[in-house]
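A.B. asks: Quick one: structure below, then a few questions.
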Amino acid sequence: MFDFLSMGAVHDTLVQWSVQGVLDASWWQVLLATLALTHITIASVTIFLHRAQAHRALDLHPIPSHFFRFWLWLTTSIVTKEWVAIHRKHHAKCETEEDPHSPVAHGIKTVLLRGRELYAAEAENQETLKKYGHNTPNDWLERVVYTGKANWGVILMLLLDLFLFGAIGITVWAVQMLWIPVTAAGIINGLGHWWGYRNFEAPDASTNISPWGIIIGGEELHNNHHTYPTSAKLSVKPYEFDIGWGYIRALEVMGLAKVRKTAPRLTLGDIRPVADAKTLEAIVAHRYELMAGYAREVSAACSAELARLKASRQEAAAHKLQRVRHWLHRDDDKVPQGLRNEISQAREAHPKLDKLIVMREELRALWTRTNVSAEQLVVDLQGWCQRAEASGVAALEDFSRKLRAAHA
């Protein structure tokens, strides 16, 4: 009888454990634990894979470096060399047919829903790994365990989740497995090149999804990153927050990390009487930020023109301008072929907007022409400022004075 009762107690204990796990956690505790686990994974991706490995924006001490590698093996089965190579190729071939996961090239729906498949397909490309995967870990652990047995980690994670949480551990594990494909492969690679706001007029379509980089570790600030990819800090504006940068600073204070580079900051000082070589230097160094400001001036002028057309009941003309307004400030090679004729018609119909666009291209030539001496570029800049301030267009006059106040 005693043995029978003992066996029954053991059975009940095992059943309870299989249902509730050793932690016997409530639903809200399981939820918090899941969010904490996925956040550690996000931190590992943004700090180790992205900022440290892919862009060399910081150096990590072996302690956090090995922890991040081990954690990524447990929770993602990502191979460092593959991820780094694919990401570097994304920057090198951004929004072309060779970009591994561009919504411009592949469509937003494809990147959002099949981002993981695009990543897996590119990981099979040995040429990509050879060309872009250099200077990544190549020790015994990386070769034999993290690469050689990449799928063993996620299996171990499943067993740990079952042990800790019981049956609900399967759900916890599923969320962990989906977290990076959804947030990184889908949201960042998809929405980060399709929807959001832009601080900088970078040559690609990158956007900041949110000014508060918390859920995806700061990666929400994607336009900032594409403008200054080697910066360890992704936030640039006072209202932006990059939680990944907070972790990096904490590691740096503990002597476990060393920041190599952050984004330069544009400062506006006294307005120089005449633009000079230092003005040119500042403009070239901060061209993406300045051109984003110029884009806002074009947008404001476009809004004013639309308001005028609607007030005078010129609905057809307003509709035509509305169709192209978001492309007027973009580089010509980034404008869809089907809209170029409409843009030309809009520019012809609205001389003030045309003047802004013409002057934009002349300003852009200051850093795109490589066969002109620095002295000649200074002369060209001075001429641009003179024409802008004599144009009678308030936006151009104000922008010229801003350029003359720019300091590197």
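The values are calculated or read from the model by the stated rules, or taken from the named source; none is laboratory data. Because the structure is predicted, anything quoted here is derived from the model rather than measured. For neighbour counting, all protein chains shown are included, and Cβ atoms are generated from backbone atoms with ideal geometry for every residue, glycine included. Surface accessibility is based on the protein's heavy atoms, side chains included, excluding ligands, DNA and RNA. Shrake-Rupley method; radii C 1.70, N 1.55, O 1.52, S 1.80 Å.
A.B. asks: Determine which member of the set GLY148, GLY153 is surrounded by 19 or more Cβ atoms within 10 Å (Cβ to Cβ), of a type in the set (Gly, Ala, Ser) and more than 30 Å from ASP333 (Cβ to Cβ). Show your work before the answer.
C.D. replies: Numbers: GLY148 fails: surrounded by 19 or more Cβ atoms within 10 Å (Cβ to Cβ).
Criteria check complete, one pass: GLY153.
A.B. asks: If you don't mind, another one. Return the pair list, or none, for Cβ contacts closer than 9 Å from residues in the stretch 118-131 that are touching a residue at least 24 places away in the same chain (Cβ under 8 Å) to residues that are aromatic (Phe, Trp, Tyr), at least 6 apart or on different chains.
C.D. replies: Final answer for the pair search is TYR119/TRP83; ALA123/TRP83.
A.B. asks: Being modelled with pLDDT of 95 or more, of a type in the set (S, T, N, Q), open to solvent by less than 30 Å² (accessible area, probe 1.4 Å) and farther than 13 Å from ARG69 by Cα is the requirement here; does THR128 meet it?
C.D. replies: On the way: modelled with pLDDT of 95 or more: yes; of a type in the set (S, T, N, Q): yes; open to solvent by less than 30 Å² (accessible area, probe 1.4 Å): yes; farther than 13 Å from ARG69 by Cα: yes.
The answer is yes for THR128.
A.B. asks: Is there any pair with a first residue in the stretch 296-314 that is of a type outside the set (Ser, Thr, Tyr) and a second that is not in a helix (DSSP H, G or I) whose Cβ atoms are under 7 Å apart and which are 6 or more apart or on different chains, and what are they?
C.D. replies: Going by the 7 Å Cβ cut-off, the qualifying pairs are VAL298/LEU328; VAL298/HIS329; CYS302/LEU328; GLU305/HIS350.
A.B. asks: How many of the residues making up the stretch 132-145 are part of a helix (DSSP H, G or I), of a type in the set (Val, Ile, Thr) and touching a residue at least 60 places away in the same chain (Cβ under 8 Å)? Even if it seems obvious, please write down each step before you answer.
C.D. replies: At the first step, the residues of the stretch 132-145 found to be part of a helix (DSSP H, G or I) are 132, 140-145.
Remaining after also requiring of a type in the set (Val, Ile, Thr): 144-145.
If we keep only those that are touching a residue at least 60 places away in the same chain (Cβ under 8 Å) too, we end up with 145.
Summing the residues that are part of a helix (DSSP H, G or I), of a type in the set (Val, Ile, Thr) and touching a residue at least 60 places away in the same chain (Cβ under 8 Å) in the stretch 132-145 gives 1.
A.B. asks: Which of the following residues is open to solvent by less than 60 Å² (accessible area, probe 1.4 Å) and free of Cβ contacts under 8 Å to residues at least 24 places away in the same chain: SER77, SER44, SER26?
C.D. replies: Selected residue: SER26, the only one of SER77, SER44, SER26 that is open to solvent by less than 60 Å² (accessible area, probe 1.4 Å) and free of Cβ contacts under 8 Å to residues at least 24 places away in the same chain.
For (1) part of a helix (DSSP H, G or I); (2) farther than 24 Å from ASN199 by Cα, each residue gets a yes or a no:
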residue	(1), (2)
VAL372	no, yes
GLN386	yes, yes
ALA395	yes, no
ARG401	yes, no
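A.B. asks: Moving on. Counting only residues that are open to solvent by less than 40 Å² (accessible area, probe 1.4 Å), out of contact with any helix residue (DSSP H, G or I) (no Cβ under 6 Å at 6 or more places or on another chain) and touching a residue at least 60 places away in the same chain (Cβ under 8 Å), how many does the stretch 230-242 have?
C.D. replies: So the answer is 1.
A.B. asks: Taking the condition surrounded by fewer than 18 Cβ atoms within 10 Å (Cβ to Cβ) and farther than 22 Å from ALA318 by Cα, does GLU375 pass?
C.D. replies: Working: surrounded by fewer than 18 Cβ atoms within 10 Å (Cβ to Cβ): yes; farther than 22 Å from ALA318 by Cα: yes.
When the stated conditions are applied, GLU375 passes them.
A.B. asks: LEU403 passes all but one of (1) within 30 Å of the chain's Cα centre (by Cα); (2) farther than 27 Å from GLY269 by Cα; which number fails?
C.D. replies: (2)
A.B. asks: Right, something else. Taking the stretch 81-125 only, how many residues are surrounded by 17 or more Cβ atoms within 10 Å (Cβ to Cβ) and outside any helix (DSSP H, G or I)?
C.D. replies: Final tally of qualifying residues: 6.
A.B. asks: While we're looking at this one, here's another question. Condition check: farther than 23 Å from TYR228 by Cβ and open to solvent by 20 Å² or more (accessible area, probe 1.4 Å). Does LEU191 satisfy that? Let's see the steps before the verdict.
C.D. replies: Numbers: farther than 23 Å from TYR228 by Cβ: no; open to solvent by 20 Å² or more (accessible area, probe 1.4 Å): yes.
So LEU191 fails the test.
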